[in-house]
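Data block below; observations after.
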Amino acid sequence: MGDTVKTILCCTDFSPESDHAVDHALRLAKSTNATLIVAHLVHVASGELASHDPHGPTNLTLTEARDRALHQLEELRAKRLADYPNVELVAKFGAPAESAMTLARERGADIIVTAVSDRHARKELSEILHDSVSQSLTRHAPCPVLVVPPHAS
């Protein structure tokens with residue numbers, strides 16, 4: 001990682017576990033004055049292109065899905081990151097692990113911060129996907145990976 005952490009990539013799916021990882025990434029960024037890149041990596045096959053309209057799901061275009069992801073990232077910034085000025089928000093389409101690794105290489109990330117769900121809880125498909133993303137990152141990422149479990153303080 002070198003002498004100093006200059007760029008941190010934090011992956012989020014907007015879950016409570018991901019919020020916890022964002023909090024850890026923010027603390028690290030503040031302690032090193034690093035750029036914090038918060039990325040939502042939209043996995044098209046996961047159904048994230050279906051809106052959650054109360055009148056029933058509707059399909060979103062890629063542009064609408066990207067706009068929705070950027071809106072959610074802006075909400076996350078306002079809620080959790082407002083006091084830190086060196087934050088960049090990224091929404092990308094593709095397989096999340098591969099997208100994270102590509103983004104880490106492109107941006108010269110010194111560390112990737114991600115979350116893992118509690119293995120004792122009942123798992124949804126998105127949690128299984130997220131766990132496999134964490135596992136893939138720990139095996140293949142171009143830089144160190146901090147995997148934040150839900151119970152970490």
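State the number of residues belonging to the range 18-35 that are surrounded by 22 or more Cβ atoms within 10 Å (Cβ to Cβ) and of a type outside the set (Ser, Thr, Tyr).
Total meeting the criteria: 4.
Considering only the range 89-110, I want to know if a residue exists there that is crowded, with 17+ Cβ neighbours inside 10 Å, out of contact with any Lys or Arg (no Cβ under 7 Å at 6 or more places or on another chain), modelled with pLDDT under 95 and within 24 Å of Ala152 (Cβ to Cβ). Yes. For beta carbons closer than 9 Å, sequence separation of 6+ or different chains, a first residue in the range 1-24 that is part of a strand (DSSP E or B) and modelled with pLDDT of 90 or more and a second that is among the acidic types (Asp, Glu) and surrounded by fewer than 23 Cβ atoms within 10 Å (Cβ to Cβ), the qualifying pairs are Thr7/Asp110; Ile8/Asp110; Leu9/Asp110. Only residues that are modelled with pLDDT under 60 and in contact with a strand residue (DSSP E or B) (Cβ under 8 Å, 6 or more places away or on another chain) were counted in the range 111-153, giving 1.
The values are calculated or read from the model by the stated rules, or taken from the named source; none is laboratory data. Source: prediction; values computed, not measured. Please note: Cβ atoms are built from the backbone with ideal geometry, for glycine as well, and neighbour counts cover all protein chains shown.
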